[in-house]
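Peer 1: So that we are looking at the same thing, I have put the structure below in structure tokens.
The values are calculated or read from the model by the stated rules, or taken from the named source; none is laboratory data. Computed from a predicted structure; not experimentally measured. We place every Cβ from the backbone using ideal geometry, glycine too, and count neighbours over all the protein chains shown. Remember, those area values only see protein heavy atoms, side chains included, never the ligands or the DNA or RNA. Shrake-Rupley method; radii C 1.70, N 1.55, O 1.52, S 1.80 Å.
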Amino acid sequence: MITQISIAHMIWYLVPGLCTVAYILFPVAFLSPRVGKEIVTTLTPLGLLVLGVLFGFVIDGLRMYRLRHDYDKCKSEFFRKLQSNIGTVLDPYYILSAINDMAIKEDNGSISLHHAIWIMHGNLAALSYAMSLVWIAISCYIGISYDNGETVEFFLVRSNYYVGFSTALLLAACFYFLGHRMMRISAEDQNTTNNMFLGFATTHRVKIREILSLL
């Protein structure tokens, strides 16, 4: 089982999961560093790793990368071209399974690696958008809970109310920009990966049709 875990699996599941853990701990540390430190100390690095793996599977189950507005159009176009290249109307996922089997036989792991990378970017983009909303909520909390001129403590530093409020809004903007940028990168990488699949399918068309029992 362990030998079947590849770099692509780690990129697909572990990286988004660990980022989720970090994204959760960051606002906690902002509002109460002592609580954040207590959580990290209690869980230990191993516990954080396990939690990251669990979050990774949850995020993959939610298919957050599919929230991009043009995702369905891109996928449909890719599936149409894939069926046309192979010359069949079989389920596209069945064709992709045959291509993956052929890629493994050819010792070609670049396709699966690129596939995992664009999905990771899509998931991280969705998480960043969510974090942007969290920081907007934190800025609203500061605005409602503190009076004008009252000091606010964040990251163990006591500062002016306006500084805390502005910092939260700035972080919201940063996470929104990060999400927007990663979503664009995810779209570009998806197109690149789709072209890699199509190129591989064209080159190994005869063998793939044999696997699909079309010859």
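Peer 1: Considering region 196-208 alone, what residues qualify as being open to solvent by 40 Å² or more (accessible area, probe 1.4 Å), touching a residue at least 24 places away in the same chain (Cβ under 8 Å) and within 12 Å of Gly87 (Cα to Cα)? If you could, list the steps in order and put the result at the bottom.
Peer 2: Of all residues in region 196-208, those open to solvent by 40 Å² or more (accessible area, probe 1.4 Å) come to 196, 202-203, 205-207.
Filter once more, so that each one left must be touching a residue at least 24 places away in the same chain (Cβ under 8 Å): 196, 202, 205, 207.
Passing the criteria: Thr202, Arg205.
Peer 1: A further question follows. I'm told Leu31 meets every condition in (1) of a type outside the set (Val, Ile, Thr); (2) closer than 30 Å to Glu188 by Cβ; (3) in contact (Cβ under 8 Å) with a residue 60 or more places away in the chain except one. Can you identify the failing condition by its number?
Peer 2: Among (1) of a type outside the set (Val, Ile, Thr); (2) closer than 30 Å to Glu188 by Cβ; (3) in contact (Cβ under 8 Å) with a residue 60 or more places away in the chain, Leu31 violates only (2).
Peer 1: Considering only region 139-161, I want to know if a residue exists there that is open to solvent by 20 Å² or more (accessible area, probe 1.4 Å), at positive phi and of a type in the set (A, V, I, L, M, F, W, C).
Peer 2: yes
Peer 1: In region 1-26, how many residues are open to solvent by less than 60 Å² (accessible area, probe 1.4 Å), assigned to a helix (DSSP H, G or I) and modelled with pLDDT under 90?
Peer 2: Count: 5.
Peer 1: From Phe177, Phe165, grab the single residue that is open to solvent by 40 Å² or more (accessible area, probe 1.4 Å) and without any contact (Cβ under 8 Å) to a residue 12 or more places away in the chain.
Peer 2: Values: Phe165 fails: without any contact (Cβ under 8 Å) to a residue 12 or more places away in the chain.
Within the list Phe177, Phe165, the selection yields Phe177.
Peer 1: May I ask you to list the residues in region 59-103 that are within 19 Å of His9 (Cβ to Cβ) and either in a loop (DSSP other than H, G, I, E, B) or in contact (Cβ under 8 Å) with a residue 12 or more places away in the chain (or both)? Walk me through how you get there before you give the answer.
Peer 2: Of the residues in region 59-103, the ones within 19 Å of His9 (Cβ to Cβ) are 59-65, 93, 96-97, 99-101, 103.
Scanning region 59-103 gives Ile59, Asp60, Arg63, Met64, Tyr65, Leu96, Ile99, Asn100, Asp101, Ala103.
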